[in-house]
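*Asks:* Have a look at this one before I ask anything.
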Amino acid sequence: MNLDAWLDIQPAKKLYTIKEASRILTKKFGREIKEHNISYLVQYGRVNKYKIKNRVYVDIDEVENYYKKLFFEKRKEWEEKLGFKLDWDLAFDLLSEKERTKHVHGIHPYKGKFIPQLVEYFLKRHFNVGDIIIDPFMGSGTTLVQCMEMGINSIGIDISPFNCLIAEVKLQKYDIQKLKKILLDMLNKTREFSKNLGDDEFVKEIDKLIEKYNKKYFTLEYKRKLSKKEIDEDNYSEKIMEMFYLEYGKLKEKYYKNDDVFDDIFRDKPFLYKWYSPRIRAELNFYLNLLNDCKDETIKKVAMIILSRTARSVRGTTHFDLATLKEPVFDPYYCYKHKKICRPVQTILRHLEEYTYDVISRIEEFSKIRKDAYYLIINGDSRTVDIEEELKKHPNFYELYENKKIDGIFTSPPYLGQIDYHEQHAYAYELFDIPRLDELEIGPKFKGSSKKAQKEYIDDISDVLINMKRFLKEDAKIFIVVNDKKNLYKEIFEKSGLILVREFKRPVLNRTERDRNPYYESIFELKMGE
């Protein structure tokens, strides 16, 4: 846009830089609207951008109208559909992905975890430095990490050995320089191995073709029209992909390569063999051998997390099916998440490099803010585990426990029939030969949500809470985060001898699924019964 055009448009549109718009709207709405929030709107065509002399501007009225709809109209719409008021302060809807996955919280993906800001919100208001908190459904350790950041002692229990590994890597103390040296050496050796596998020219040609189609057919204007429902996404993308595949097929014929040399790698591991291309299986196996040779057990576990995270990202699937796999995909596809053509990964190198540096950075960042507090990770069944016996293996922590008992619970039990917690990390269990305990999961997806499954769920969650009560103070505070759409928790609390103090209803806005219907979680505040 030239200066004359700028002078013509300025009176009609109130154009400001993203930084200026952030400052103005934060003041106007009384809540922080960050630059990255507005940049996101521009990137995905929610608002128009105006580029003048290499600077990006937005129309302040257009951005303001977007947030008015988000803050007021959307709230009204959701509450009318649900039939009750929501606690919007607990939405944390303007947090960036970086904030929701700060430091070691983002060390490895985990489906079904709550954000650390939710844990922090309640810990700050109800617990003190030096208290002991227990999370009987620890998952990837969000509660324990947040406790460590705040100087609160913590105990986490989980039936999954891999979940315990994730939490342990997050909470362990490290020699940072030694960690860097070993992990970067493993990365460099994998780079050298991968260079000899070829395919680079084919990948470059694929990327050129994808770029050509994205620039021509899946532009910012396309995204803007999508957001306004002016285009039928399915029909449009299907027609473009038909043209794309004609050109792509010719490329495949030109660069055909026989991968039989890798055919036996992971043949005895059904998940890895199905969901990974031959080249990627070879690269994963090479790095796996390197980490198995690592003499430092602590750093070896970090390498396991890096490899697992890499393996998750290089599965032969689409970006929008990463959380719930459907069928293997090894060719380019239209991506409903990014609104353009994407392709499955051809090599692990980019992700391995990114995650190696990212994990080191996250561990280093957390090492600077973590407090001196005890933590204990128990790989066991929360229905029956004896916490006192586990604590006796850690005399200093046990002494503290004897003097004060456990001050409370902050946890999020499995949501009935929604997630298979072992299966979501099937690649890791096979890579590292970790035993699976699927049958001991509470409320897994594979058992469904029938009346029989509901009864079993009620009994299991009640058994956990009854077992935990043995180790709590009489005035302990208990917080349970759950989506109770089947209304099971009233009976669970009665069976467990717990009294409901208050229920918070938290709107969940940043969901990855394509379903955009109103969704909320309950945070139940409870106390011990008489």
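The values are calculated or read from the model by the stated rules, or taken from the named source; none is laboratory data. The shown structure was predicted, so the numbers you read here are calculated from the model rather than taken from an experiment. Every residue, glycine among them, receives a Cβ derived from its backbone with ideal geometry; neighbour counts consider all protein chains shown. Accessible surface is based on the protein model in full, side chains and every heavy atom, while ligands, DNA and RNA are left aside. Shrake-Rupley method; radii C 1.70, N 1.55, O 1.52, S 1.80 Å.
*Asks:* Of the residues that sit in the stretch 112-127 and are out of contact with any strand residue (DSSP E or B) (no Cβ under 8 Å at 6 or more places or on another chain) and open to solvent by 10 Å² or more (accessible area, probe 1.4 Å), which one is farthest from D475 (Cα to Cα)?
*Replies:* Filtering the stretch 112-127 down to residues out of contact with any strand residue (DSSP E or B) (no Cβ under 8 Å at 6 or more places or on another chain) leaves 112-113, 115-117, 120-121, 124-125.
If we keep only those that are open to solvent by 10 Å² or more (accessible area, probe 1.4 Å) too, we end up with 112-113, 115, 117, 120-121, 124-125.
On the way: G112: 29, K113: 27, I115: 26, Q117: 25, E120: 21, Y121: 20, K124: 17, R125: 16 Å.
In this case the residue turns out to be G112.
*Asks:* Identify the single condition in (1) open to solvent by 20 Å² or more (accessible area, probe 1.4 Å); (2) touching a residue at least 40 places away in the same chain (Cβ under 8 Å) that H319 does not satisfy, given that it satisfies every other one.
*Replies:* The one condition H319 does not meet is (2).
*Asks:* Quick check on my filter: what residues within the stretch 83-114 are assigned to a loop (DSSP other than H, G, I, E, B) and closer than 18 Å to Q424 by Cβ?
*Replies:* Of all residues in the stretch 83-114, those assigned to a loop (DSSP other than H, G, I, E, B) come to 83-87, 91-96, 101-102, 107-114.
Scanning the stretch 83-114 gives T101, I107, H108, P109, Y110, K111, G112, K113, F114.
*Asks:* Something else: Filter the stretch 58-110 down to residues that are open to solvent by 40 Å² or more (accessible area, probe 1.4 Å) and touching a Phe, Trp or Tyr at 6+ places or on another chain (Cβ under 8 Å) and give me whichever is farthest from Y520 (Cα to Cα).
*Replies:* Ranking the candidates gives R100 first.
*Asks:* Go through (1) part of a helix (DSSP H, G or I); (2) of a type in the set (V, I, T); (3) open to solvent by 30 Å² or more (accessible area, probe 1.4 Å) and name the single condition I265 misses.
*Replies:* Every listed condition holds for I265 apart from (1).
*Asks:* Restricted to the stretch 488-530, and to residues that are over 30 Å from K337 (Cα atoms) and modelled with pLDDT under 95, which residue is nearest to the chain's Cα centre (by Cα)? First the steps, then the outcome.
*Replies:* First pass over the stretch 488-530, keeping only residues over 30 Å from K337 (Cα atoms): 488-504, 524-530.
With the extra rule that they be modelled with pLDDT under 95, the set shrinks to 528-530.
Values: M528: 33, G529: 35, E530: 39 Å.
Once the filter is applied, the top-ranked residue is M528.
*Asks:* Hey, another quick one. How many residues, within the stretch 408-429, are open to solvent by less than 20 Å² (accessible area, probe 1.4 Å), under 16 Å from F114 (Cα atoms) and of a type outside the set (A, V, I, L, M)?
*Replies:* Going through the stretch 408-429 one residue at a time, the tally reaches 4.
*Asks:* So, in the stretch 377-387, how many residues would count as being surrounded by fewer than 20 Cβ atoms within 10 Å (Cβ to Cβ) and hydroxyl-bearing (S, T, Y)?
*Replies:* 1
*Asks:* Take the stretch 439-472 and flag every residue that is open to solvent by 30 Å² or more (accessible area, probe 1.4 Å) and either of a type in the set (D, E) or closer than 30 Å to L272 by Cα (or both). Spell out the reasoning first.
*Replies:* Applying the first criterion (open to solvent by 30 Å² or more (accessible area, probe 1.4 Å)) to the stretch 439-472 yields 439-440, 445-447, 449-452, 455-456, 459, 463, 466, 469-470.
The answer is E439, L440, K445, F446, K447, S449, E456, D459, D463.
*Asks:* Mind counting the residues in the stretch 128-154 that are over 18 Å from K473 (Cα atoms) and of a type in the set (A, V, I, L, M)?
*Replies:* 5
*Asks:* Got a number for residues in the stretch 1-36 being open to solvent by 90 Å² or more (accessible area, probe 1.4 Å) and at pLDDT below 80?
*Replies:* 7
*Asks:* Out of the residues in the stretch 13-53 meeting the condition of being touching a strand residue (DSSP E or B) at 6+ places or on another chain (Cβ under 7 Å) and of a type outside the set (A, V, I, L, M, F, W, C), tell me which one is nearest to S227 (Cα to Cα).
*Replies:* Within the stretch 13-53, the match that is nearest to S227 (Cα to Cα) is N48.
*Asks:* With the stretch 330-415 as the region, which strands (runs of 3 or more DSSP E) entirely inside it contain at least 1 residues that are in contact (Cβ under 8 Å) with a residue 12 or more places away in the chain and among the hydroxyl-bearing types (S, T, Y)?
*Replies:* Details: elements: 333-335, 340-342, 375-379, 406-411.
In the stretch 330-415, the matching strands (runs of 3 or more DSSP E) lie at 333-335, 375-379, 406-411.
*Asks:* So which helices (runs of 4 or more DSSP H) are wholly in the stretch 135-218 and hold at least 1 residues that are more than 21 Å from E283 (Cβ to Cβ), open to solvent by less than 20 Å² (accessible area, probe 1.4 Å) and of a type in the set (S, T, N, Q)? Explain how you work it out, then say what you get.
*Replies:* Details: elements: 142-150, 161-171, 176-195, 200-217.
Ranges flagged: 142-150, 161-171.
*Asks:* Please work out which residue is farthest from L95 (Cα to Cα), limiting yourself to the stretch 30-72 and to residues that are acidic (D, E) and under 28 Å from the mean Cα position of the chain (by Cα). Don't jump to the end; show me each part of the working.
*Replies:* Step one: list which residues in the stretch 30-72 are acidic (D, E), which gives 32, 35, 59, 61-62, 64.
Right, trim to under 28 Å from the mean Cα position of the chain (by Cα) and you get 32, 35.
Values: E32: 10, E35: 11 Å.
The extreme case among them is E35.
*Asks:* Name the single residue, out of those in the stretch 268-306 being in contact with a Ser or Thr (Cβ under 9 Å, 6 or more places away or on another chain) and open to solvent by 30 Å² or more (accessible area, probe 1.4 Å), that is farthest from K173 (Cα to Cα).
*Replies:* Of everything passing the filter in the stretch 268-306, F286 is farthest from K173 (Cα to Cα).
*Asks:* Which residue, of E168, E233, is among the charged types (D, E, K, R), closer than 26 Å to R312 by Cβ and touching a residue at least 24 places away in the same chain (Cβ under 8 Å)?
*Replies:* The match here is E168.
*Asks:* Among the residues of the stretch 338-376, write down those that are open to solvent by 40 Å² or more (accessible area, probe 1.4 Å) and either under 30 Å from E439 (Cβ atoms) or aromatic (F, W, Y) (or both).
*Replies:* Y357, Y374, Y375
*Asks:* So, G130, is that one open to solvent by less than 10 Å² (accessible area, probe 1.4 Å), within 28 Å of E388 (Cα to Cα) and not hydrophobic (A, V, I, L, M, F, W, C) or not? Reasoning before the result, please.
*Replies:* On the way: open to solvent by less than 10 Å² (accessible area, probe 1.4 Å): no; within 28 Å of E388 (Cα to Cα): yes; not hydrophobic (A, V, I, L, M, F, W, C): yes.
No; evaluated as a whole, the condition is false for this residue.
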